[in-house]
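For reference, the structure is listed below as structure tokens.
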Amino acid sequence: MKTSCINRSIGLLIGRRLRLQGFIVSDHGDLAPEFEEKMTDWLKTGQVAYDETIVDGIDNAVDAFLGMMRGENTGKMLVRV
């Protein structure tokens, strides 16, 4: 980002009286068991979906990695061995 873009963004934050606050997952470790239970159910019922690209064979791992770096995958890039 260029400095002028950052200054403009900060100006918008201040002008609109917005608050920017970071989020770190480890701050909410106490909620992990509840999250895991709910997410497991959501994945099982299809309420949460995900994309992945699967490449078969360890011999294709390098090509899979290079493809991932080029953005040729959808979602996670996995190598099935």
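So which residues in the stretch 51-81 are touching a strand residue (DSSP E or B) at 6+ places or on another chain (Cβ under 6 Å) and not charged (D, E, K, R)? Write out each step before concluding.
Here is the first cut: in the stretch 51-81, the residues touching a strand residue (DSSP E or B) at 6+ places or on another chain (Cβ under 6 Å) are 52-56, 61, 64, 68, 73-80.
Scanning the stretch 51-81 gives T53, I54, V55, A61, A64, M68, N73, T74, G75, M77, L78, V79.
Against the definition (part of a helix (DSSP H, G or I) and under 25 Å from V25 (Cβ atoms)), how does L43 come out, yes or no? Yes: the conditions hold for L43. Is it true that some residue in the stretch 40-62 is in contact with a Phe, Trp or Tyr (Cβ under 7 Å, 6 or more places away or on another chain) and at negative phi? Yes, that holds for at least one residue.
Checking the structure you have, find out if any residue of the stretch 19-27 is surrounded by 10 or more Cβ atoms within 10 Å (Cβ to Cβ), at negative phi and part of a helix (DSSP H, G or I).
Among the residues of the stretch 19-27, not one is surrounded by 10 or more Cβ atoms within 10 Å (Cβ to Cβ), at negative phi and part of a helix (DSSP H, G or I), which makes the answer no.
Of the residues making up the stretch 47-81, those that are closer than 29 Å to E37 by Cα and not in a loop (DSSP other than H, G, I, E, B) are E52, T53, I54, K76, M77, L78, V79, R80. Among residues of the stretch 28-56 that are surrounded by 10 or more Cβ atoms within 10 Å (Cβ to Cβ), those with a Cβ under 8 angstrom from a residue that is among the hydrophobic types (A, V, I, L, M, F, W, C) and assigned to a loop (DSSP other than H, G, I, E, B), sequence gap 6+ or separate chain, pair up as M39/V48; W42/V48.
Readers should treat all values here as calculations from the given coordinates under stated rules, not as data from a laboratory. Keep in mind the model is a prediction, meaning the values are calculated, not measured. Every residue, glycine among them, receives a Cβ derived from its backbone with ideal geometry; neighbour counts consider all protein chains shown.
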